Amino acid sequence: SAVINAAANVSPAVVRITSTGVTTDILGGTIPARGVGSGVIYDGAGWILTNRHVVEIASDKIAGELTVELKDGRELEGTVYGIDTLTDLAIVKVEASGLPAAPIGKSADIEVGQLAIAIGSPLGTYTSTVTTGIISATGRTVLIEADVSLTNLIQTDAAINPGNSGGPLLDATGAVIGINTAVERDSTGIGFAIPIDIARPIMSQALAGEPLARPYVGIRYQLIDAQLKAEAGLD
């Protein structure tokens, strides 16, 4: 009954996002590109949380386009409000009001073994698909590109496939506790979600009309060789 209730309450707030734009080929030219993913409405005024890689090719305001399809069949034009520079998250805005919004939970209190429910559009075709599993682990780190990794992820065995990216991961009450973002390529049944507590700051910034921004601190170091030693006059 928990899964049935969660699906009934949250599915109307889960959208399919189709992005079109251009990408660069190996010769430096541009070629058309298209991607399909999911997203979740978190505010009825048209604010949608999704993955950065779902909307990245449409972030070019000249060549890019976003189409947001609601569960009731409506298609709305979307714009990329902002992209989070530190995670695979993005905010999309559609011009609408009174949209169904998903309840937002907390990821800090989740426990390994608890129920996990994923909703999205696997393969970009099967909209409003509901899958279930458990929270398998927390605090995972996953390499998504060469030298690019995501940290502090939730691991789940709820079925997640291409197209689920950007859709919500729910707890037993139907509250959003994560945003599905990746699968382990060489596995069966190992998926990952970004904890909703990581997304909360950018969600608030968007609602306040502020540009998405995150504080950071870091150190850059350089190996001292003979040339640098001479140029900088080091001992």
Size-normalised alpha-carbon gyration radius of segment 45-110, reference 2.2 N^0.38 Å: 1.21
Can you give the relative contact order of segment 90-235 as a percent, counting alpha carbon pairs under 8 Å and 6+ residues apart? 21
Sorted largest first, extent of segment 19-170 alpha carbons per principal axis (Å): 47, 42, 26
Net charge contributed by nearby residues that have their C-beta within less than 12 Å of Ile196 (K/R +1, D/E -1): -1
What is the calculated FRET efficiency for Thr151 to Thr20, with r their C-beta to C-beta distance and R₀ = 35 Å, to the nearest 0.05? 0.70
Accessible-area ranking of Tyr42, Tyr126, largest first, probe 1.4 Å: Tyr126, Tyr42
What nm distance separates the two modelled labels at Thr85 and Asp235, each placed 7 Å from Cα along Cα→Cβ? 3.8
Distance in nm between label sites at Ala8 and Ser187, each 7 Å beyond Cα in the beta-carbon direction? 3.3
Apply 1/(1 + (r/R0)^6) to the Cβ-Cβ distance of Ile134 and Ala45, taking R0 = 30 Å, and write down the FRET efficiency to the nearest 0.05. 0.35
How much length would be gained if the chain were fully extended between Leu228 and Ala33, taking 0.36 nm per residue of separation minus their Cα-Cα distance, in nm to one decimal? 65.8 nm
Subtracting the Cα-Cα distance from 0.36 nm times the residue separation, let me have the gained length for Thr125 to Ala172 in nm, one decimal. 14.3 nm
Helix 196-207 versus the longest principal axis of the chain: what is the Cα-based angle in degrees, 0 to 90, to the nearest 10? 90
Please give the peptides 115-124, 96-105 ranked by average Cβ packing (other Cβ atoms within 10 Å per residue), highest first, as a rough proxy for protection. 115-124, 96-105
10 Å Cβ shell holding at most 16 others, DSSP loop, GluC sites (Glu not before Pro): longest site-free stretch of the chain: 1-94
Dipole magnitude (debye, nearest 20) for the chain, charges at Cβ of Lys, Arg, Asp, Glu: 340
How big is segment 71-154 by the Kirkwood estimate over distinct Cα pairs, in Å? 16.1
Which value, in Å³ per residue, describes the convex hull spanned by the Cα atoms of segment 81-235? 180
Listed residues Gly209, Gly233, Asn180: farthest to the positive end of the dipole of segment 135-235 (Cβ charges): Gly209
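The values are calculated or read from the model by the stated rules, or taken from the named source; none is laboratory data. All of these numbers come straight from a predicted model, not from anything done at the bench. All Cβ positions, glycine included, derive from the backbone under ideal geometry; neighbour counts span all protein chains shown. Surface accessibility is based on the protein's heavy atoms, side chains included, excluding ligands, DNA and RNA. Shrake-Rupley method; radii C 1.70, N 1.55, O 1.52, S 1.80 Å.
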